[in-house]
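Computed from the coordinates by the stated procedures, all read-outs in this text should not be read as laboratory data. Predicted, not measured: the structure shown is a model, and the values here were computed from it. Glycine gets a Cβ as well: all are built from the backbone with ideal geometry, and neighbour counts include every protein chain shown.
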């Protein structure tokens, strides 16, 4: 595998409804910030990769209209759409393109404007012969998985609430986050409105408008353009069988994420993730999922996730800070969400994470989650 | 086995900074707006946030004329006439509707904008373009 | 001037979907309250919904097995959030129960509505049974919902 | 030095106005043919790249429906929403990067499911253009009028192109017809008439790309290039395919070919309308002896999304069948209104 690195990142200020800008204008906001961060001009960009779930905004081939917001006019431009993993998969696509020798600099941009459509409805346009008639979008699917997770591993509502509190507190240090609250309490979470038992409002990720971008350069250009690039050390994608009922105990086993993580760990010599990773930006669509992913990602043994959050291991000052940005629970523009994970992980290595910088971060994990069980995992590092 | 299934989902697209200016001017002033790019020295129709040539964002909003030149058109039976028209003062053409019969038009013909009586800040506030009777056919 | 204008449009589209041979047979069975799964000769997994191909073993599926109308509730929730149903353009209000049901004779689970909407009366492992509508049309919503068996 | 990418196997369904099979059934047939053609089984696939468009398929994350049949369970799959040849471009990048050795690329669409042109309205600018009811066909009509301006013989020439293409196809989706019949066919976006447009149908195509280290045999994918024009028709020069020129320039650079001296024995353009073939030949400056659209091309049978990959399949068959081997083909794909997206691939046959 030929190396490539991230040399700049940029995000919009994510929010519930960014109706001050059109889709192309929203994308331009993130693109400008990423190019400024990388200290390059639009002319330096050789190719663009876009990520978006077009049915959420009622579009077909959205890159045709929004491409020029991403400086894609008269350049090579492709769009990746794989549900929640659209963002992380587009980063991996940009990585492969930059490493292919075809392009020196690739701009990857993910975006979503949930306020323009109906996301849960769009997600429910599943197999018309099977579950379209009984689909309830992401929320119902997560809630179903959680009942299994709670029954088998004994994880509690309070432990899940701790994840929401951590997330909102971290987000308070992140200027781009949609939901932030430095003073959120466990009681706030546990008394928030029930959306789908046992998921309460503050357990669930929001639907945000936003865009996020990263600039990936081939090895030669990365070294030239950036004094301390965030090298993409390994990346893996795993997809699953198509139906929600195909996958046994999804939240518990999540064999795709487990396998993707094991693959990138193996390629980067990581045997003890909790010790060897300095920071993780994981795609946790709901509080309970963050706990389940701790186990799947090997941060702890099965059934130990509750202890990890209770002991503060994954807090900002803990042994492995998880989602210093506030994570998906605090900003979720779906097509951008995976890009945000990679951008935040890269910003940690680039030492540009601002108030939520983890001191001395040298090795970072970013993950993506999509549809029922798709997964991406990437390891970023300070050396090639 | 075949089964027909339908969907009904509402969407709402933000026109954004440039688009909102454009649609508000159609509604309030029966005015078509363009954007002038000082780098490319070109006026683009309709108004937009970025220059498609240089990518620049420092565009100046300009008022275009309600007269226009027909650049191209097509006749879609049952659906009407669609056109590329270049409003006076612009260097590029925009897509809109033509009002009239196919035989009324030829490339290069002078047109004038027709506005709806009731306007709501929508591209259809401009109903389309019709032949300009003030110019020789 | 900072007016924010937006453009409203309703997507009204329809598509003609082909069921595929396996789903066609399955839907015909539903018309007679008959549920059948396809069993993979490689891994032995009995698939609902039936499909042409096992993604784990890369084998064509052709061995039909009968499935009961009752089974085990493997996962459950009670949804309270209103939901815009894209098929009708109308809102489905809560609360409504949903479950993943492993019907006796199948290895995958079926996601469907539950008649029960009281969380305190739902639990993983409960036995549930299909309740059918009167006018069977050969579609998965010929099953109205699943009822908890006493 | 870049790894060589070999077109190791191909499989496609016969295009049909309506294929009664489901999308997974169609894709399964194409994939299994491609794997057999490459002499490999599912286990050899390192990565899958699919091409599909949710709105065309009437389903969200439409690639979910084919995950099993393309063999992507517990494997990497990347879905590109564009023409299938763009998915080939990405698959080739995956091999050139050294990430994977064997990549399966799959494209599928069924235009019989819905009114295709109506769906294309949802790809147009929703602020200024979509509300007017403009679709891809409208845009093609606007382009054709501009090209026909001051060119009295244009529509007869276009009718001739369409008649020729359909005449050489073994199973065209539109009936073979004379120039006069095409000139009298139903007006759809005048000056375009039904007979000048590609007939749309259903289909799937699968292609196996492999790195040379696998020992695979077959034509070599030497170069690839693609491009995205501005969206607004008024911002573009509709009389030239400049996007194709840029894409070809990039493909020649990848192939380390001098653009000016690059000769092609075969060309497989993606022309959805007869006038596009004139834009194609002008943009790529083909020599007289290049054989264009060996099987009639898209004017004989077109499946959106699959289109560019079906051209790659035809070019591969041409190169495999070439008596002297070692010849060169230009393969082309487009997507969006009046070919806003352009993609080309340069293939070379292996000398015997």
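A few notes on this one:
- Virtual paramagnetic centre 7 Å along Cα→Cβ of residue B:61, amide N under 11 Å, in segment D:125-160: none
- As a length-normalised measure over Cα pairs under 8 Å and 6 or more apart, the relative contact order of chain D settles at 24 percent.
- Within chain B, helix-based [θ] at 222 nm, where runs of 4 or more DSSP H residues each add -39,500 (n - 2.57), nearest 500: -3500 deg cm²/dmol
- Label zone of residue C:147 (point 7 Å out along Cα→Cβ, amide N under 19 Å): in segment C:107-125 this covers C:112-119, C:121-123.
- Two-site FRET efficiency, residue A:259 against residue C:68, from Cβ-Cβ distance with R₀ of 25 Å, rounded to 0.05: 0.15
- Share, in percent, of DSSP beta bridges within segment B:16-131 that are antiparallel, nearest 5: 95 percent
- Taking B:48, B:17, B:86 as the candidate residues, the one with maximal mean-square fluctuation in a Gaussian network model of chain B, Cα springs under 10 Å, is B:17.
- The modelled label-to-label distance for the pair residue C:93/residue A:272, using points 7 Å beyond Cα in the direction of Cβ, is 5.7 nm.
- Oblate is the label for chain C, because a/c, from the alpha-carbon gyration tensor with a ≥ b ≥ c as root eigenvalues, is 1.5 or above and a/b does not exceed b/c.
- Chain B: C-alpha gyration tensor shape, a/c 1.5 cut-off, then a/b vs b/c: oblate
- Max mean-square fluctuation residue, GNM over chain C, Cα-Cα springs under 10 Å, options C:120, C:62, C:14: C:14
- Packing-based order for D:300-313, C:101-114, using average beta carbon neighbours within 10 Å, highest first: D:300-313, C:101-114
- Partner chain coverage, peptide D:213-219 - average Cβ within 10 angstrom: 0
- For the peptides C:136-142, A:128-134, the ranking by packing is A:128-134, C:136-142, with the highest mean count of neighbouring Cβ atoms within 10 Å listed first.
- Tensor-based shape of the protein assembly as shown (alpha-carbon gyration tensor, a/c under 1.5 rounded, otherwise prolate or oblate): rounded
- FRET efficiency for residue D:184 and residue A:362, using Cβ-Cβ distance with R0 set to 60 Å, rounded to 0.05: 0.25
- Distance between the 7 Å Cα→Cβ label points at residue A:187 and residue C:8: 4.3 nm.
- Under 17 Å from the residue D:118 label point (7 Å along Cα→beta-carbon), backbone N, segment B:75-98: B:77-80
- For chain B, the relative contact order works out to 20 percent when only alpha carbon pairs closer than 8 Å and six or more residues apart are counted.
- Estimated [θ] at 222 nm from DSSP helical runs (n ≥ 4, -39500 (n - 2.57)) normalised by residues in chain A, nearest 500: -10500 deg cm²/dmol
- Of all DSSP beta bridges in the protein assembly as shown, antiparallel share, percent nearest 5: 85 percent
- Per residue of D:235-246, other chain Cβ atoms within 10 Å of the residue Cβ number 2 on average.
- Of the peptides A:84-94, D:243-253, D:181-191, the ranking by mean beta-carbon count within 10 Å, highest at the top, reads A:84-94, D:243-253, D:181-191.
- For residue D:41 and residue D:14, the difference between the fully extended length at 0.36 nm per residue and the C-alpha to C-alpha distance is 7.5 nm.
- Taking the fewest neighbouring Cβ atoms within 10 Å as the starting point, the ordered list for C:116, C:70, A:281 is C:70, C:116, A:281.
- Per-residue mean of C-beta atoms belonging to partner chains within 10 Å, peptide A:43-55: 3
- Working from Cα pairs under 8 Å separated by at least six residues, relative contact order for segment C:21-148 is 24 percent.
- Annotation for residue D:217 and residue B:124: the two label points, set 7 Å from Cα along the Cα-Cβ direction, are 6.2 nm apart.
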